[in-house]
Every structure is written in C-alpha cells, then in structure tokens.
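What follows is a set of notes on a single structure, which appears directly below.
The values are calculated or read from the model by the stated rules, or taken from the named source; none is laboratory data. Fair warning: this is a prediction, and the values are worked out from it, not measured in the lab. Neighbour counts are summed over all protein chains in view; Cβ atoms, including those assigned to glycine, are modelled from backbone coordinates with ideal geometry. For the accessible areas, the whole protein counts, side chains as well, though only heavy atoms, and no ligand, DNA or RNA atoms are used. Shrake-Rupley method; radii C 1.70, N 1.55, O 1.52, S 1.80 Å.
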Amino acid sequence: MKRAIFLTLGLAACSQSPRSVDWFAQHPHDAAAVADRCILSGRKSVECDNAQEAMRRASDARLKLYRKGF
C-alpha cells in the first residue's frame, strides 16, 4: 500500500505544467518545435494550443510591421 502511495506521489511530482503563451513568445524555436510535434502526432493539449497561439501572435506582429512599410 505504501508503495502505491509513493508511486502516485512521485508521478504527480514529475508531471510538468504546460508552458504559457508568453513563455513560447520568448522562445519561438521551442514554440515551432512543439507546434510541429503536435500537428504531426495529432495530439491536442493546452501546451499545443499555447505554442500555436504564440506563433500566431508573432506572425501578426510581423505582418503589422510589414504593413507599416507602405
């Protein structure tokens, strides 16, 4: 019984919380890697959504700068 409790607590401690949109915005290479991995695997998670949102925001910012040039 004690083993089961320790195993459960150990697994819970190892689970990593998803990285935020702001974190991915500061780490665009990681955002691209996570988004690609999610698309290829078909997996949906909060981290996948955050990576894709950070990439979308970066793209919007680049487009806005491009439009200012005209």
Could you please find all residues in segment 24-70 being assigned to a helix (DSSP H, G or I), out of contact with any helix residue (DSSP H, G or I) (no Cβ under 8 Å at 6 or more places or on another chain), open to solvent by 70 Å² or more (accessible area, probe 1.4 Å) and not charged (D, E, K, R)?
Gln26, His29, Ile39, Leu40, Ser41, Val46, Leu63, Leu65, Tyr66
Residues in segment 11-23 that are of a type in the set (Gly, Ala, Ser) and outside any helix (DSSP H, G or I) total 3
